[in-house]
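Taking it in order: structure first as structure tokens, then the write-up.
The values are calculated or read from the model by the stated rules, or taken from the named source; none is laboratory data. Predicted, not measured: the structure shown is a model, and the values here were computed from it. All Cβ positions, even for glycine, are placed from backbone atoms using ideal geometry, and neighbour counts span all protein chains on display. Note: areas computed on protein heavy atoms with side chains; ligands, DNA, RNA excluded. Shrake-Rupley method; radii C 1.70, N 1.55, O 1.52, S 1.80 Å.
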Amino acid sequence: MLKMRSVIVLSLLTAVMVAWAFLFYQHWQMTMRPMSDMWMLPADISSWQWIDFGMVYMMWAVMMAAMMLPSAVPMFMVFARVCWQRYPVSHHLNVLFVLAYLLVWLVFSMVMTWLQWQLHGLHFLSPMMENQNERLAGAIFIGAGIYQLTPWKNDFLQICRTPMGFILTEWREGAYGAFSMGLKHGSICVGCCWAQMLIMFAVGVMNLLGMALITLLITLEKTAPGKSQLICRMGGILLIGWGLGIILMG
């Protein structure tokens, strides 16, 4: 069991490090390379090519993996422990569970790609993927902050914070069961964190500091012992205040 836990942790850590390395490389390309050598999105959305959609989608997909995998580690570890107790060989079940979880976020990345396309069309985002509308940025912060204070957010968060409770109530046998459980948990995580992901449109899609702070907030909400509601509410109040400050100062 110890060996399996080590393999899972190292695999997830490697995936997270690779994802963040890709994001740092993308950020370096956008900030350090000459404009003539830089890939930028067309200002006119009717000029977007499939390569543009593909690049934006890949960016969001990697971003979702980098930001969400750290907070999901406790759930992956509990699932692995239960599988090890029930099956002599369970490596493939762990892989299916994690892949299904990521699949949900890959689908969510399609939604974010579509939203970014729309925001470019409304000129709320620049070709460099930076916010050009302070009122929109403030509204996104306020909306994300309000969601932090809702019962829906709290319900999703409590499930994310209690991996064993999820496993006991949602357990399904076999490969199909592992995959369906991964889809269910991924969907719950989307319900918990979708509003926080929208903040990236407000701070700039490739803002590394923004990514890091949102990742920290999500991870603390899900893993800090006994502090989830306090962290969630404080985060909500901070986001609302930040949004109001942007609007009032704009």
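Using the heavy atoms of the protein chains alone and a 1.4 angstrom probe, what is the accessible area of the chain per residue in square angstrom? Intermediate results must be reported in sequence, preceding the final value.
Numbers: 12550 Å² over 250 residues.
Averaged over the residues of the chain, the accessible area is 50 Å².
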Tell me, what ³J(HN,Hα) does each residue in the stretch 60-67 have, in order and in whole Hz, if you take phi through Karplus 6.51 cos²θ - 1.76 cosθ + 1.60 with θ = phi - 60° and put x for Gly and Pro? 5, 4, 5, 4, 5, 5, 5, 8
The size of the Cβ-based charge dipole (Lys, Arg +1; Asp, Glu -1) of the stretch 1-117 about the Cα centre, to the nearest 20 debye, is 700
Rounded to the nearest 10 Å², the accessible area of Lys227 at probe 1.4 Å: 110
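Length gain on complete extension for the stretch Met249 to Ser126, per 0.36 nm per residue less the alpha carbon to alpha carbon distance?
Numbers: separation 123, 0.36 × 123 = 44.28 nm, distance 2.09 nm.
Between Met249 and Ser126, full extension yields an extra 42.2 nm.
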For the chain, the charge dipole (Cβ of Lys, Arg +1; Cβ of Asp, Glu -1; about the Cα centre) points to a positive end, and the Cα of Leu157, Ala43, Ala80 closest to that extreme belongs to Ala80
Please check which bits of the stretch 205-240 a label hung off Thr31 would reach, taking the label as a point 7 Å along Cα-to-C-beta and the cut-off as backbone N under 13 Å. 205-212
Tally of Lys pairs whose C-alpha atoms are under 20 Å apart, taken over the chain, 8 or more apart or cross-chain: 4
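Working with all protein chains in place, sort His27, His120, His92 by solvent-accessible area computed with a 1.4 Å probe, largest first. Display every interim value, and only then the final one.
Details: His27 60, His120 5, His92 95 Å².
Most to least solvent-accessible, the answer reads His92, His27, His120.
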For the stretch 95-102, just list the computed ³J(HN,Hα) in residue order, Karplus coefficients 6.51, -1.76 and 1.60, θ = phi - 60°, integers in Hz, with x standing in for Gly and Pro. 4, 4, 4, 5, 5, 5, 4, 5
